[in-house]
Amino acid sequence: MKPLADAAARQLAVERFEVPVLLEAGAGTGKTRALVSRLLTWTLGPGWREAEERLTSRARERRAAPPADDLVAAEVLDGLVAITFTEAAAAEMAGRLATSLAAVAAGQLPEDAAESLAAVGPQAALRARRLVDELGRARIQTIHAFCRGLLAEHPFEAGLHPGFRVDADEREVARLADEVLADQLTARLAGDGDPDLLALLADRIGPEELRETLLFALREGVTPADLERDPLPAAFAETWLAEVARVLAPFAADLAAFGPRLPRNQTAATEMAGVLDALLRASRSDLPPLDRLESVVAAADEILARWEKSHLAPWASGEGLTTIEKKRPEGALPFPTLAAPALSILRDLRGVSPARLGRLRRLLAPLLGALRERMRRQGAVLFSDLLARAADLLERRRDVRDAARRGIRQLLVDEFQDTDRQQCRLIAQLALAPGGPPPPGLFVVGDPKQSIYGWRRADLAAYEAFLADAVAAGGVRARLEVNFRSLPAILDEVTRAVAPSMVAEPGIQPEFQPLVAWRTAPDPAPPAVEFWCSATAEGLDKTQSAAASRIEAAAVARDLLARRAAEPQRRWSDFGILLRTTSDQEIFLQALRVAGVPFEVERDRSYWRRREVIDLNAAVRAILLPGDHLALLALLRSPFVGVPDAALVPLWRGRFPERFDALGGGDRADEAALAALFVAVEAEIAGRAPG
């Protein structure tokens with residue numbers, strides 16, 4: 001489907017509320033602004049109108065008076081659910097909605113929603129004031145908070161303890177896991193012992209490793225039923241063995257032929273070729289696939305243990321092969337071209353053991369079942385469990401799903417590229433599943449390009465499948481393409497550098513979508529974007545991080561001086577240096593000091609730890625915030641005042657903090673009482689304290 005133009009996409013966000021709207025928004029395109037504009041338009045327009053009609057109809061049935069505006073505002077916001085993935089994002093969204101409503105109440109219409117709100121007329125300001133008063137009723141929250149609320153309303157239907165609690169730091173679950181392991185392992189070691197457990201112990205997989213594996217499986221949502229299914233079937237092992245042979249056979253043949261030509265590496269090359277030959281023969285033997293895989297892994301482990309760091313890794317990177325490559329037969333592939341994939345697949349094989357995996361699955365399944373049962377009885381729920389349990393509840397219990405739907409009029413999901421399969425299941429049940437009451441209006445915003453980072457288990461395949469289902473249900477896709485953050489030169493360079501390599505692959509990587517700069521700027525005389533490589537004489541791969549930072553900092557300082565000299569009309573404040581972290585900040589500041597470049601620092605953590613800043617901060621707080629006696633104490637001990645520690649106890653005994661707080665009213669008696677207290681304390685500590 002061809003995306004709508006940017007302006008049409010923004011208009012779509014504030015006009016279509018009856019069908020799913022799926023907005024793709026790149027970095028800096030104002031997606032949060034579009035989302036808040038939609039919230040604003042719906043609450044003041046269609047949402048208000050529908051709520052007023054519902055309440056009026058109910059009032060007529062009861063022969064009651066028409067609903068007051070505050071009741072309508074409450075009804076509107078009760079039906080609003082906006083889901084984010086962090087508490088900070090939820091707070092920002094709520095704050096921006098409150099600010100926008102306050103602006104409308106003051107007669108100002110936001111640009112993105114001005115046209116759609118114009119139809120509301122003068123009533124918009126009055127409605128906005130009522131909505132601000134009731135804004136706390138809107139559910140603008142993280143997806144985990146939403147799921148917890150849903151489960152708390154239906155604990156029995158979800159199979160949970162009615163007083164369940166979220167074990168966010170996993171302390172209680174870890175304690176229960178220890179109890180399960182103590183009970184189960186003791187029982188399994190009785191008599192002749194469990195053969196699976198004994199074999200794992202012989203492989204140095206003890207209670208601590210089992211505990212970590214058990215907690216990891218629980219955290220990832222693995223169930224005992226999942227462990228009944230073999231993740232490494234014979235067919236998969238056969239495919240894997242074929243791929244191992246395909247990659248390693250050319251490398252082994254080349255190594256056998258070329259090894260004698262490798263100076264100082266002849267012995268290692270010959271021995272490695274022998275082990276590789278044994279590995280390849282094992283991969284093609286008549287044994288069952290899983291047994292062959294065990295033999296192949298054993299050979300791979302031997303190769304890596306003996307030669308990974310000393311030979312394979314340098315060969316794969318081409319280190320020290322310049323002269324050697326000249327001796328290779330004409331037309332032969334470069335040696336690193338063969339060594340690099342060989343090293344990669346050998347590392348993939350490291351430690352794989354079908355037999356060990358089978359033992360671990362058979363042992364973990366009952367352990368996991370026992371742990372989940374103890375958690376159920378104790379009412380302990382993992383943070384990561386909330387999503388799966390909520391999605392399961394909505395899928396199993398149609399009555400619960402229908403009740404949840406009735407309570408939601410508009411469902412908005414921000415940062416949708418961060419969704420995984422569980423989250424997509426949840427949103428689909430609320431807004432896309434057929435049957436039951438009409439689903440809420442759905443609005444999702446996301447940037448699929450960011451899903452490659454895998455934050456919060458982002459799953460591009462799940463994202464794409466959900467969007468396809470939403471479109472099939474009548475949804476509309478649109479894209480924001482205008483970037484408000486960067487100049488054309490930046491966006492052009494992003495396109496040049498990223499577009500050629502960002503090739504679309506379904507479920508793995510989306511297609512690259514260029515962004516259009518909102519603002520324009522004349523091309524500067526120097527290059528708009530430069531790439532610097534900072535290295536010492538030894539080379540880029542030998543330069544330590546701190547040394548590279550010092551080289552870069554000195555170059556930045558020189559560059560600033562040169563640019564200022566070339567354009568003397570520029571002020572120093574026209575230049576800026578952005579750092580990814582503050583760890584190298586002092587290196588750059590020192591380079592600027594040496595070069596004589598004036599600077600002003602923002603977010604300099606060390607600044608707030610400086611003694612004079614702490615003392616000044618204490619003085620301001622003590623004066624402006626009566627009752628902040630900690631600040632008062634810091635002020636007394638600072639060089640501004642210099643009260644010795646020996647005087648503090650008698651001062652507090654003489655009620656100095658309360659008397660200090662009472663100052664400022666113009667009562668001379670208060671000042672005289674304090675002066676008398678000072679004289680008395682000075683006399684008391686005379687000779688016992690300096691100064």
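The values are calculated or read from the model by the stated rules, or taken from the named source; none is laboratory data. All figures in this text were calculated on a predicted structure; none of them were measured in a lab. No Cβ is skipped: glycine too gets one built from the backbone with ideal geometry, and neighbour counts run over all protein chains shown.
Of the residues screened, residue 591 is not one that is in contact (Cβ under 8 Å) with a residue 12 or more places away in the chain and outside the structural domain of residue 553 (by TED's automatic domain parsing).
Inside the range 417-429, can you point out the residues that are of a type outside the set (Lys, Arg) and at pLDDT 85 or above?
Those that are of a type outside the set (Lys, Arg) and at pLDDT 85 or above: 422, 423, 424, 426, 427, 428, 429.
Taking first residues from the range 442-456 that are modelled with pLDDT under 55 and partners that are charged (D, E, K, R), the Cβ contacts under 6 Å between residues at least 6 apart in sequence or on separate chains come to 455/418; 456/418. Taking the listed residues 659, 637, 621, 653, the one that is of a type in the set (D, E, K, R), loosely packed, with under 12 Cβ neighbours inside 10 Å and either more than 30 Å from residue 582 (Cβ to Cβ) or not assigned by TED's automatic domain parsing to the domain that holds residue 582 (or both) is 653, with no other qualifying. Return yes when residue 21 is modelled with pLDDT of 90 or more, out of contact with any Cys (no Cβ under 9 Å at 6 or more places or on another chain), closer than 30 Å to residue 488 by Cα and of a type in the set (Val, Ile, Thr) and no when it is not. Yes; evaluated as a whole, the condition is true for this residue.
A single member of 38, 58, 49 is basic (Lys, Arg), in a helix (DSSP H, G or I) and surrounded by 17 or more Cβ atoms within 10 Å (Cβ to Cβ), and it is 38. Based on this model, can you work out whether residue 577 counts as β-branched (Val, Ile, Thr), in a loop (DSSP other than H, G, I, E, B) and surrounded by 14 or more Cβ atoms within 10 Å (Cβ to Cβ)? So residue 577 fits the description; yes.
Results for (1) farther than 30 Å from residue 383 by Cα; (2) in the same structural domain as residue 11 (by TED's automatic domain parsing); (3) touching a residue at least 60 places away in the same chain (Cβ under 8 Å), shown as yes or no for each residue.
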{"site": "102", "(1), (2), (3)": "yes, yes, no"}
{"site": "109", "(1), (2), (3)": "yes, yes, no"}
{"site": "113", "(1), (2), (3)": "yes, yes, yes"}
{"site": "124", "(1), (2), (3)": "yes, yes, yes"}
{"site": "127", "(1), (2), (3)": "yes, yes, yes"}
{"site": "134", "(1), (2), (3)": "no, yes, yes"}
{"site": "152", "(1), (2), (3)": "no, no, no"}
{"site": "163", "(1), (2), (3)": "no, no, yes"}
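For the residues 309, 327, the requirement of being part of a helix (DSSP H, G or I) and either at pLDDT 90 or above or of a type in the set (D, E, K, R) (or both) singles out 309.
Checking every residue in the range 536-546 against the condition of being surrounded by 13 or more Cβ atoms within 10 Å (Cβ to Cβ), at pLDDT 85 or above and among the hydrophobic types (A, V, I, L, M, F, W, C) gives zero matches.
Within the range 187-211, being exposed (fewer than 12 other Cβ atoms within 10 Å of the Cβ), charged (D, E, K, R) and not in a loop (DSSP other than H, G, I, E, B) holds for one residue alone: 208. The residues of the range 462-488 that are over 22 Å from the mean Cα position of the chain (by Cα) and among the hydroxyl-bearing types (Ser, Thr, Tyr) amount to a single one, 486. One residue alone among 87, 75, 61 is over 26 Å from the mean Cα position of the chain (by Cα), farther than 22 Å from residue 117 by Cβ and among the acidic types (Asp, Glu), and that residue is 61.
When 428, 433 are checked against the criterion of being over 26 Å from residue 168 (Cβ atoms), without any contact (Cβ under 8 Å) to a residue 40 or more places away in the chain and of a type outside the set (Val, Ile, Thr), 433 stands alone in meeting it.
So which residues in the range 221-237 are more than 18 Å from residue 291 (Cα to Cα) and either over 35 Å from the mean Cα position of the chain (by Cα) or surrounded by fewer than 12 Cβ atoms within 10 Å (Cβ to Cβ) (or both)? Hits for the range 221-237 are 225, 228, 229.
All of 634, 675, 647, 683 fail the test of being at pLDDT 85 or above, in a helix (DSSP H, G or I) and under 40 Å from the mean Cα position of the chain (by Cα), apart from 634.
Kindly provide the set of residues from the range 34-70 that are among the basic types (Lys, Arg) and without any contact (Cβ under 8 Å) to a residue 60 or more places away in the chain, ordered by number. Of everything in the range 34-70, those that are among the basic types (Lys, Arg) and without any contact (Cβ under 8 Å) to a residue 60 or more places away in the chain turn out to be 49, 54, 58, 60, 62, 63. Evaluating residue 550 against the criteria (1) outside any loop (DSSP other than H, G, I, E, B); (2) surrounded by fewer than 16 Cβ atoms within 10 Å (Cβ to Cβ); (3) modelled with pLDDT of 90 or more; (4) out of contact with any strand residue (DSSP E or B) (no Cβ under 7 Å at 6 or more places or on another chain) leaves one unmet condition, (2). Scanning the range 73-101 for residues being among the hydrophobic types (A, V, I, L, M, F, W, C) and closer than 24 Å to residue 447 by Cβ gives a total of 12.
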